[in-house]
Each structure stands twice: as structure tokens, then as C-alpha cells.
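The values are calculated or read from the model by the stated rules, or taken from the named source; none is laboratory data. Worth saying up front: this structure is predicted, and the values here are computed from it rather than measured. No Cβ is skipped: glycine too gets one built from the backbone with ideal geometry, and neighbour counts run over all protein chains shown. The accessibility values were calculated without ligands, DNA or RNA, using every heavy atom of the protein model including side chains. Shrake-Rupley method; radii C 1.70, N 1.55, O 1.52, S 1.80 Å.
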Amino acid sequence: MPKPIDLHAHSSVSDGTETPAQLIRAAVAAGLDVVAITDHDSTSGWTEAFDAARGTGLTVLPGLELSTQLQYASVHVLGYLVDPTNAALVAATAQIREERLHRAEKMVARIVKDYPRLSWDDVMAQTTPGATVGRPHIADALVARGYASDRSAAFQSILHWQGGYYQPQEAPAPVVGVRLIAEAGGAPVIAHPGARGPEQLLNDERLRQLVDAGLFGLEANHRDNIQGSPEKWARTAREFGLVITGSSDYHGEGKPNRLAENTTSREVYEQIVAHATGTVPFCG
Ligand code: AMP
Ligand code: FE
Ligand code: FE
Ligand code: ZN
């Protein structure tokens, strides 16, 4: 059996519960051949991940998961091997992180009216400095204050999009995100295309536009692809000449997703590396 390749994982640079070094140790312990570090809207975990991988035999595929938005729904675009110094991408991710902060503040301002022990400082206490802030950090603060039993419970109640406190994220359109990644030399792949939200948006016409903008693949094998089966998304990928990936979307203890629960073939991994020009994988 070849060792597994998992191309989607988060660290505490965004909403994972482990530092980049801890994420790498978890990937080594899981027996991975390749792990991608794909924090939301940030590449700032790469260096720590590379340092931790040195001498382990693990390969780190550096990437990010870019937030985009269409008709109030979030569409996530994975960008592998982007040039982390690309000016347009650096500016766009900084702006998205800033917007995420304001969005979280709005949600917390609503929540505290009904859950008075919660404060903005609690949320900040759950983030590492400079991290990309999101609902998971609000969830952790709610757990710390005893308002939810764990992150997932908070997502299913107070933080649910229909929970009464939700604020949609404002972000560039998917076609803009795909182009940003492609122009930064990266390989853009739509994350969990069958998760709630993206599915009805990713019709043939939109997919065609995304392909024209430089889209390289679809993450067909992901536990959140509840709308349309993995087979359906794989068929769509083949129709549009896109590669098919599979990944865990590991968030440490923050989510039930386990490393290597979905994987990507060696062949597709090599196609991604051959296609991208922004940077190269780190072979530890
Ligand atoms: P946001 O981006 O702020 O709307 O929050 C959604 C993010 O929360 C997604 O990236 C999810 O992967 C992440 N997340 C982390 N832990 C959980 C969890 N336990 N349940 C649901 N979503 C989670
Ligand atoms: Fe996440
Ligand atoms: Fe995502
Ligand atoms: Zn993710």
C-alpha cells in the first residue's frame, strides 16, 4: 500500500486547534506521504510546518484555503503552491482576514445580548496572534463559558446560519479567487463543492467560467459533499477536464475529521506540482 496523500488540513494559523508543528507531527503519526497545510486566507504557517517536517520523510504541500462568496454562500478555493509574496494575493488575503474580524465582531455583538457572560476578549483569547478569525473561535469561547458542550454543538445551535446571530462573510467572487490563485502561480481546486451552499451555485455555466479563470480541480472526496455524491463530483471534474482530489479537512480536535479519511492519488498530486509555478513542495 502506498502511503496516503492528504491535501487539506488546518492549523492554529486559522481555525485548527494544533500549531503548524503539531499538525506536522500528527501527519507523521498518521503515516502520511504528503500533507497540505491549507489555512484559511493565510500562508503564515508554512515556515513552521517546513521546519517541523525536516528529517521526518514527510512532504509538505504548501497552500491556503481562500474564502470567496457568491449570493451569501461561502465557496472555498484551495490554492496549492502559490507564490506567498504575490502582491495581489497578499493584499486580498489581508483584506479578507480584516473583513472576517469585523464579521465576527458583529456576530458576537448579537450573541452577547442573549449570552451575557461572553465577551469579545473571550473570542480573542481563543485565537493565536494574527490568526484568521472565524466562527470556530467564537465556538471555543462559547464552550469556555459553558454555553455549548463542544465546537460542533455550538455550530449546530448558536452559530448555525439559521441560529439568529449569523452574519454572512463578504469576500471576492469565486471566479476572482480562482484567478488570484492562478496568477500567483498556484493550482486552484474548489474545496468541498457539495457542501451546503456551493452546490447549487456550481452549475455548468459557473464551472465553465471558473475553468476559464484557471480552475485545476475539484475536491470530490470530502465528508461535507452531502449534495451530489463524490461520484457525481468526480464525473463533473472529468467533464470539465479537472483533476479529482480527496482530503480530510483536518482541524485537530476542533472537528471530527481525521487525517487520511479521504486521500488524493500520487498521479494527481504530481499533476498539481507540475502545473503550479508559485513555489515547490518541501520534502522533509
Ligand atoms: P466560518 O468560516 O467563520 O463561517 O466558519 C466555518 C468554518 O468552521 C469552516 O472552515 C469549518 O471547517 C470550520 N469548523 C471548525 N470546526 C468545526 C466544527 N466542529 N463544526 C463545523 N465547522 C467547523
Ligand atoms: Fe476551517
Ligand atoms: Fe472549507
Ligand atoms: Zn478547510
Problem set entry | Computed magnitude of the charge dipole of the chain (debye, nearest 20; Cβ of K, R +1, Cβ of D, E -1) | 440 debye
Problem set entry | Unit charges at the beta carbon, dipole of the chain: most positive-side option, 14, 283, 264 | 14
Exercise. Once the dipole of the chain is set up with Lys and Arg at +1 and Asp and Glu at -1 on Cβ about the Cα centre, which of 161, 133, 64 lies farthest towards its positive end?
Worked result: 161
Exercise. Tell me, what % of the accessible area of the stretch 101-156 is carbon and sulfur with a 1.4 angstrom probe?
Worked result: 51 percent
Problem set entry | Peptides 40-49, 75-84 ordered by average Cβ neighbours within 10 Å, highest first | 75-84, 40-49
Exercise. Between residue 22 and residue 239, 0.36 nm times their residue separation minus their Cα-Cα distance comes to what?
Worked result: 74.3 nm
Seminar exercise, completed: Checked the stretch 120-242 against the a/c 1.5 cut and the a/b vs b/c comparison, axes a ≥ b ≥ c from its Cα gyration tensor; verdict prolate
Problem set entry | Derived scalar couplings ³J(HN,Hα) [the stretch 148-165; Karplus, 6.51 cos²θ - 1.76 cosθ + 1.60; whole Hz; x for Gly, Pro] | 8, 7, 7, 3, 4, 5, 5, 5, 7, 10, 4, 9, 4, 5, 9, x, x, 10
Exercise. Treating the beta-carbon of each Lys and Arg as +1 and of each Asp and Glu as -1, no other charges, what is the dipole magnitude of the stretch 101-156 about its Cα centre, to the nearest 20 debye?
Worked result: 180 debye
Seminar exercise, completed: Note, the stretch 96-106: 3J(HN,Hα) by Karplus (6.51, -1.76, 1.60, θ = phi - 60°), whole Hz, Gly/Pro = x, goes 5, 4, 5, 5, 4, 5, 5, 5, 5, 4, 4
Seminar exercise, completed: In this structure, the FRET efficiency calculated for residue 170 and residue 1 from their beta-carbon separation, with R0 = 35 Å, to the nearest 0.05, is 0.20
For this session: Would you mind calculating the gained length between residue 113 and residue 94 on full extension (0.36 nm times residue separation, minus the Cα-Cα distance), in nm to one decimal?
Result: 3.9 nm
Seminar exercise, completed: Here, residue 144 and residue 102, labelled 7 Å along Cα→Cβ, have an inter-label distance in nm of 2.5 nm
For this session: Count the DSSP beta bridges whose two residues both fall in the chain, then state the antiparallel fraction as a percent rounded to the nearest 5.
Result: 45 percent
